[in-house]
1. Which ordering of 13, 155 is given by a fewest-first count of other beta-carbon atoms within 10 Å?
2. To the nearest 10 degrees, how steeply does helix 32-43 sit against the main Cα axis of the chain, on a 0 to 90 scale?
3. For residue 236, what residues show an amide H to amide H distance below 5 Å, using hydrogens built from the backbone and excluding near sequence neighbours?
4. Calculate how steeply helix 102-120 sits against the longest principal axis of the alpha-carbon atoms of the chain, using the helix alpha-carbon long axis, and give the answer as 0 to 90 degrees to the nearest 10.
5. Amide H to amide H, which residues 5 or more places from residue 144 or on other chains are under 5 Å from it, using H placed in the peptide plane?
6. Using a/c under 1.5 as the rounded threshold, could you call the range 231-287 rounded, prolate or oblate? The axes a ≥ b ≥ c are square roots of the C-alpha gyration tensor eigenvalues, and prolate needs a/b larger than b/c, oblate otherwise.
7. Which of the lysines could a cross-linker span from residue 285 if the Cα-Cα distance has to be under 29 Å and same-chain partners fewer than 8 positions apart are dropped?
8. Could you list 166, 93 in order of exposure, starting from the residue whose Cβ has the fewest other Cβ atoms within 10 Å?
Amino acid sequence: MALLQKNTDFVKLTTASLGFDYCGISKAMQLDEDAARLEKWLNQGMHGTMQYMENHFDLRIDPTKLVPGAKSVITLLKNYYPDQQQSDDAPGISKYAFGKDYHDVIREKLKELIQSIKENIGEVHGRGFVDSAPVLERSWALRSGLGWIGKNGNLINKKSGSFYFIATLITDLELLYDDPFVKDYCGTCTKCIDACPTGAILPGKVVDGSKCISYFTIELKEMLIPGEMKGKFDNWMFGCDTCQDVCPWNRFSNPHNEVNFSPIPEVLNLSTHEWEMMTEESFKKLFKDSPLSRSKFKGIQRNLKFLQE
Ligand code: SF4
Ligand code: SF4
């Protein structure tokens, strides 16, 4: 027990020193309930054209298939709530995309964490994931006591809301496990359901991904956004934060202190007209390290055009 406690303390202290805001640990096991929910969601086509969500189903529901001999799932939250807002005439960009691409930033931190565990505890195996298809991050966060899953599908931390990236490290290191979060503080609130511009939030904590503005503006690879969505995007050009912005628990959000997430000035200041006038060359230069590069110049242009139609 003393060794388990020592190793657990080491992991939690190291994650804090790497700049993660919360760390919860859960026993690695197959997620049967989540598997059933995911299967139903996929069968209903709520992933739209995101075919990758269908892949590796077995791996997604069982961490021991991702890391042989896995004993623990370490879940980490990293705050991205910015201390600055976009100007009023800027087309909407989701707050997570204000700065550098979080995949790169967090992947580096996960690598450092694994390295540090190996140096200080011994030869352990582990794989880090950040927003990558094979892991059910929110389920692990719930199981590790970090919060509940709100009606808008986001993990909500009672002390500081939902503007967090979720990363996981699956490892064969045995650790002490946190208690799961068993309460749900959404209560009778329906603010996110009422505010969603496209009606993507359904009863029973189901979000129809194929109707979400984030899906249309980022994930949809075909060039055309369906005509029935016209006039419904509330000026969101890349992603959408509406269901988080209206959530009462986000009044507890505090600005992050991660220098890599500092807003790119153009994200805050460019007007819709300036975006429309931008050349592909400038876009590539300004946003080469940004999540916006995921949509590519063509995708951003398509989104801008759709907002004007
Ligand atoms: S991100 Fe926007 S479109 Fe998607 S569910 Fe939330 S409010 Fe609706
Ligand atoms: S807006 Fe209300 S219902 Fe939606 S996630 Fe937040 S607390 Fe829950």
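Throughout, read-outs are computed from the coordinates displayed, never taken from laboratory work. All values derive from a computational prediction rather than experimental measurement. Note that each Cβ is placed from the backbone with ideal geometry, even for glycine, and that neighbours are counted across all protein chains shown.
1. Fewest-to-most Cβ neighbours within 10 Å comes out as 13, 155.
2. Around 20 degrees separate the two axes.
3. Answer set, sorted by chain and number: 92.
4. The two axes meet at around 10 degrees.
5. Counting only residues 5 or more places away or on other chains, the set is 181.
6. Oblate shape, in that a/c is at least 1.5 and b/c is the bigger or equal ratio.
7. Answer for residue 285, where 29 Å is the Cα cut-off: 78, 95, 100, 109, 111, 221, 296, 298, 305, listed by chain and number.
8. Taking fewest neighbouring Cβ atoms as first place, the list is 166, 93.
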